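Note sheet for the following structure.
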Amino acid sequence: MARYIGPKSKIARKFGDPIYGPDKHLDRKNFPPGQHGMNKKRKKTSEYGIQLQEKQKAKYTYGILERQFRNTFEKASRSKGVTGEVLLQMLEARLDNVVYRLGISPTRAGARQLVSHRHITVNGNVINIPSCQLKPGDIIAVREKSRSLEAIVDAISGRRHSKLSWLEWDDAQMAGKFMSVPDRTDIPENIKEQLIVELYSK
């Protein structure tokens, strides 16, 4: 189960966007990483480069690698609807992403670990596959044995996530409901999905 484990501030600086959340390093050094920093003369990025950068940004944001991202795109292209929007909807419907959106973990990486370590249930069954695609009506909960875990308690007590119309949370049950597939306007990520579609269409 591969995942990116390298420096995150460097990636955020590369894209000029806090894709891993608030980042003091990005605030202090709001320019691309590199030995010469701001003094380096950078050539104008080609159309292909812009499209590639957007794909890389989406991959790092959702914490998945190339093959899995490509497979998700191919599924989206075979589905009804606008391919770019369907792609983002499928990424948002991943179990690890929904655990993050519900505020059970402050980061997607942390959410992925909670799922992998069998702390999360879907409709009462323990699921340890982060990429599991949720369907409207699914109930995502913290496993009863895991409800006293410090990391989970701290994350839930400090929930700062904005309320999303397609998710519902019950504090008493430590459970959330995946109400519906989100519309593009309900997905807060700053990703230009059409550029990804153009890249894969070449």
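The values are calculated or read from the model by the stated rules, or taken from the named source; none is laboratory data. This one's a predicted model, so the numbers in the text were calculated from it and none came from an experiment. Backbone-built Cβ (ideal geometry, glycine too); neighbour counts: all protein chains shown.
A few notes on this one:
- So Lys135, is it outside any loop (DSSP other than H, G, I, E, B) and among the charged types (D, E, K, R): no
- Where a residue in region 170-187 is over 15 Å from Val99 (Cβ atoms) and its partner, wherever it lies, is surrounded by fewer than 14 Cβ atoms within 10 Å (Cβ to Cβ), with Cβ under 6 Å and at least six apart: Ser180/Pro136; Asp186/Ser165
- For the residues Thr107, Thr61, Thr72, the requirement of being within 15 Å of the chain's Cα centre (by Cα), modelled with pLDDT of 95 or more, of a type in the set (S, T, N, Q) and over 18 Å from Asp183 (Cβ atoms) singles out Thr72.
- Hits in region 138-154 (condition: farther than 15 Å from Gly103 by Cβ, within 20 Å of the chain's Cα centre (by Cα) and outside any loop (DSSP other than H, G, I, E, B)): Ile139
- Any hit, region 155-163, residues being surrounded by 11 or more Cβ atoms within 10 Å (Cβ to Cβ), more than 21 Å from Thr107 (Cβ to Cβ) and under 18 Å from the mean Cα position of the chain (by Cα): no
- Exclusive hit being polar (S, T, N, Q) and free of Cβ contacts under 8 Å to residues at least 12 places away in the same chain, set Gln133, Gln68, Gln89, Gln113: Gln113
- Region 99-126: number of residues that are among the hydroxyl-bearing types (Ser, Thr, Tyr), buried (at least 17 other Cβ atoms within 10 Å of the Cβ) and not in a loop (DSSP other than H, G, I, E, B): 2
- Some residue of region 130-146 being modelled with pLDDT of 95 or more, crowded, with 22+ Cβ neighbours inside 10 Å and acidic (Asp, Glu): no
- Lone qualifier among Ser77, Ser9 - being surrounded by fewer than 17 Cβ atoms within 10 Å (Cβ to Cβ), part of a helix (DSSP H, G or I), in contact with a Phe, Trp or Tyr (Cβ under 9 Å, 6 or more places away or on another chain) and modelled with pLDDT under 65: Ser9
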